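K.L.:
Encoded as structure tokens, here's the structure I'll be asking about.
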Ligand code: PGA
């Protein structure tokens, strides 16, 4: 399975930072065995996509409706029109700060798919849930309720992002990553049959150039969702290089 390294810029970046998008897109051409993409703030999608029409530019969220009275929200159709080819949905920062439920995440994933976007659905336990030995159960519950029945490997990836590892510099042990990714894989295969074996499962949470090689070597880790280390080519490309070398 071809590895997929996606960047999530979160609420970072203004027009001058398109230079970093260009640098990453250019460097990524040296690694044709790895799929990469950058999920940018909504304001940068159109300028990045018009500067780089052949590079996958993504969004970080979308609304589940096509249009309507939803002040401040952006629909998947609008993101597609702006030049996005994928969207993250269900990131833990939105599940926590915007109180997004699994059902909403599922509706967003379907809306994005209907608009012709690829989708990364995020799941992951909090530190309290891990400490209570509930990590696997929480992740599988999120997965079961956040993925639509129509899920398929040609448009969907799953990102396992333990909340306590995001932006903290802490990562789970290799054994813990293997356990959760294995549980996600078994769940995907049980629900989607042979195609469930092909859905890429990304790891996210403090992945960087130093730890990427060991994380990406763990069974069923098919790529990474990268926050802080996706903001510059200097930090992002060593992760892509590690993915190419696995
Ligand atoms: P991080 O963020 O790499 O900065 O930990 C990952 C994410 O939230 O997707």
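The values are calculated or read from the model by the stated rules, or taken from the named source; none is laboratory data. Just so you know, these numbers come straight off a predicted model, no measurement behind them. Counting neighbours? That spans all protein chains shown, and the Cβs are built from the backbone with ideal geometry, glycine included.
K.L.:
Could you tell me which numbered condition residue 185 fails, if it satisfies all but one of (1) assigned to a helix (DSSP H, G or I); (2) more than 20 Å from residue 102 (Cβ to Cβ); (3) touching a helix residue (DSSP H, G or I) at 6+ places or on another chain (Cβ under 8 Å)?
P.N.:
Going through (1) assigned to a helix (DSSP H, G or I); (2) more than 20 Å from residue 102 (Cβ to Cβ); (3) touching a helix residue (DSSP H, G or I) at 6+ places or on another chain (Cβ under 8 Å) one by one, residue 185 breaks only (2).
K.L.:
Follow-up. Do the conditions hold for residue 238, that is, is it away from the ligand (no atom under 16 Å from the Cβ), out of contact with any strand residue (DSSP E or B) (no Cβ under 7 Å at 6 or more places or on another chain) and not in a strand (DSSP E or B)?
P.N.:
So residue 238 fails the test.
K.L.:
Next question, about the same structure. Can you name the number of the only condition in (1) part of a loop (DSSP other than H, G, I, E, B); (2) touching a helix residue (DSSP H, G or I) at 6+ places or on another chain (Cβ under 6 Å); (3) under 16 Å from residue 63 (Cβ atoms); (4) more than 16 Å from the ligand (Cβ to nearest atom) that residue 152 fails?
P.N.:
For residue 152, the failing item is (3).
K.L.:
Which residue out of 186, 128, 174, 135 is more than 16 Å from the ligand (Cβ to nearest atom), over 25 Å from residue 86 (Cβ atoms) and surrounded by 22 or more Cβ atoms within 10 Å (Cβ to Cβ)?
P.N.:
The conditions single out 135.
K.L.:
Just checking, does region 91-99 include any residue being within 14 Å of the ligand (Cβ to nearest atom), assigned to a loop (DSSP other than H, G, I, E, B) and without any contact (Cβ under 8 Å) to a residue 60 or more places away in the chain?
P.N.:
no
K.L.:
When residues of region 155-171 are filtered for being assigned to a loop (DSSP other than H, G, I, E, B), touching a residue at least 60 places away in the same chain (Cβ under 8 Å) and surrounded by 21 or more Cβ atoms within 10 Å (Cβ to Cβ), how many remain?
P.N.:
Counting residues in region 155-171 that are assigned to a loop (DSSP other than H, G, I, E, B), touching a residue at least 60 places away in the same chain (Cβ under 8 Å) and surrounded by 21 or more Cβ atoms within 10 Å (Cβ to Cβ) gives 2.
K.L.:
Would you check if residue 244 is within 17 Å of residue 31 (Cβ to Cβ) and without any contact (Cβ under 8 Å) to a residue 40 or more places away in the chain?
P.N.:
Answer is no for this residue.
K.L.:
With the requirement that a residue be assigned to a loop (DSSP other than H, G, I, E, B) and within 18 Å of residue 199 (Cα to Cα), what does region 125-147 give you?
P.N.:
If the condition is that a residue be assigned to a loop (DSSP other than H, G, I, E, B) and within 18 Å of residue 199 (Cα to Cα), then 147 is the only one that fits.
Yes/no per residue for (1) away from the ligand (no atom under 15 Å from the Cβ); (2) without any contact (Cβ under 8 Å) to a residue 24 or more places away in the chain; (3) assigned to a strand (DSSP E or B); (4) surrounded by fewer than 18 Cβ atoms within 10 Å (Cβ to Cβ):
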| site | (1), (2), (3), (4) |
| --- | --- |
| 1 | yes, no, no, yes |
| 6 | no, no, yes, no |
| 13 | no, no, no, no |
| 21 | yes, no, no, no |
| 27 | yes, no, no, yes |
| 32 | yes, yes, no, yes |
| 38 | no, no, yes, no |
| 45 | yes, no, no, no |
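K.L.:
How many of the residues in region 214-235 are within 13 Å of the ligand (Cβ to nearest atom) and assigned to a helix (DSSP H, G or I)?
P.N.:
Qualifying residue count for the region: 5.
K.L.:
Whether any residue in region 67-84 is modelled with pLDDT of 95 or more, surrounded by 19 or more Cβ atoms within 10 Å (Cβ to Cβ) and within 16 Å of the ligand (Cβ to nearest atom) is what I want to check.
P.N.:
So far as region 67-84 goes, no, none of its residues is modelled with pLDDT of 95 or more, surrounded by 19 or more Cβ atoms within 10 Å (Cβ to Cβ) and within 16 Å of the ligand (Cβ to nearest atom).
K.L.:
Right, here's the next one. Residues of region 189-208 being surrounded by 18 or more Cβ atoms within 10 Å (Cβ to Cβ) and outside any loop (DSSP other than H, G, I, E, B), which ones?
P.N.:
192, 196, 200, 201, 202, 203, 204, listed by residue number.
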